[in-house]
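The values are calculated or read from the model by the stated rules, or taken from the named source; none is laboratory data. Please read all numbers here as calculations on a predicted model, not as lab measurements. Cβ placement follows ideal geometry from the backbone for every residue including glycine, while neighbour counts extend to all protein chains displayed.
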Amino acid sequence: MSARITRGDVEHVARLARLELTDEEIELFTGQLGDILEHAADIEALDVGDIAPTSHPLPIVNVFRTDEVVPSLDRDEVLGQAPVAESGQFRVPPVLGEEP
């Protein structure tokens, strides 16, 4: 197993990330990062030679409904209720300072 992460390691990473950490935060993160690295080392030590690679731990099934044609609203009727319609589409106010 590799050596635990040190306070100096945390200070170095914080400096690289341009983070200002208090002494209490450095102590807290030193312990937390050490625990994370220890857990990663435990996982790395596992023998996974007989396990097939997967992209997801559970089987994934399509949860979408089938695409079926169903009756819908009449386009001309809907556009007829719009304040302004143009070329078969709703006309909306300009955005981002564009001129009309």
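Can you go through F90, F29 and tell me which one is surrounded by 12 or more Cβ atoms within 10 Å (Cβ to Cβ) and modelled with pLDDT of 90 or more?
Among F90, F29, only F29 is surrounded by 12 or more Cβ atoms within 10 Å (Cβ to Cβ) and modelled with pLDDT of 90 or more.
List the pairs whose first member sits in segment 67-84 and is free of Cβ contacts under 8 Å to residues at least 24 places away in the same chain, whose second member is assigned to a loop (DSSP other than H, G, I, E, B) and among the basic types (K, R), and whose Cβ atoms are under 6 Å apart, counting only residues at least 6 apart or on separate chains?
V84/R91
Out of V78, V63, V95, I need the residue that is β-branched (V, I, T), at pLDDT 90 or above and more than 30 Å from D9 (Cβ to Cβ). Which one?
V78
Of all the residues that make up segment 1-41, how many are outside any helix (DSSP H, G or I) and without any contact (Cβ under 8 Å) to a residue 12 or more places away in the chain?
7
On the given criteria, is V63 more than 30 Å from R91 (Cα to Cα) and within 26 Å of the chain's Cα centre (by Cα)?
Yes: the conditions hold for V63.
Out of all the residues in segment 42-49, is one or more over 30 Å from R4 (Cα atoms) and without any contact (Cβ under 8 Å) to a residue 12 or more places away in the chain?
Keep residues of segment 42-49 that are over 30 Å from R4 (Cα atoms), which gives none.
No, that holds for no residue.
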